[in-house]
Amino acid sequence: MADTASHALIRLLDDAAPLLSADERREREAALVGLQSVATDWLAHRAKKLGVAFTPPARVLVFGSHRLGVDGPGDDVDVVVLAPRHSANFFDESDEGFVGRLRRHAHVRDVQTIPGAYVPLCIAHWGSVKLDVAHALLTTTTTTTTTTTTSAEALPDTDALAGCDEVSLLSLGGPRLAVFLLDYVADVLDEFRIVLRALRLWARCVVAACTWARILRGSCVHFHPNVRTR
């Protein structure tokens, strides 16, 4: 009975909230490699200009639904670019900044920046892939070298977080939570992903229903102001 219900749930999820196809997943991985290349060029340029050491590649930490393996078509990819303390010009629109270099890349379009957000973001499309890019400024002059990865080793050492500003710590919260979750449910990862997909679908429907309910209520109040509402 439980197996039958599980299979029915999976069929529902595959119909209502499908996962990425193999081609879509490859496209996202290619976008992440490209983003890492832009970050590497930016940090290498800054290091050369300031006369400090830099060992490529740049570190790009993936989190959110893509990191957890439950993203579908149309979902964005959440990433954090790690930078040493001498590269605080993330939002600079010139070649000295990450955003400036990203904006001028041939595969990138629709770049928007929200530097005043609770977690400052750069939003961009790499081809058809939407990227939400945050950054974290470490207090060290270097970052531990790694490729774009989903392993726990991608996270910076605790020592590198000492003295970090609040924005950087907030940005790193997503990758750290993703690693914690995946480590915690490692023995039941498939079941975890099924439940998470179901919760995401439920939340999407509830939010949509609540939004339409508020719109309907507002319309009723506007067109029938004498009707009592709660």
With a point put 7 Å past each Cα toward its Cβ, work out how far ALA162 is from CYS205 in nm, to one decimal. 5.1 nm
Rough spin-label spacing in nm, given labels placed 7 Å along Cα→Cβ, for PHE91 and ILE10: 4.6 nm
Under the Kirkwood approximation applied to all pairs of distinct alpha-carbon atoms, what is the hydrodynamic radius of the stretch 19-184 in Å? 15.9 Å
In debye, nearest 20, what is the charge dipole magnitude of the stretch 72-132 about its Cα centre with +1 on Lys and Arg Cβ and -1 on Asp and Glu Cβ, if you could check? 140 debye
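No lab work stands behind these numbers, since they all come straight from the coordinates. For clarity, every value in this text was computed on a predicted model and none was experimentally measured. All Cβ positions, even for glycine, are placed from backbone atoms using ideal geometry, and neighbour counts span all protein chains on display.
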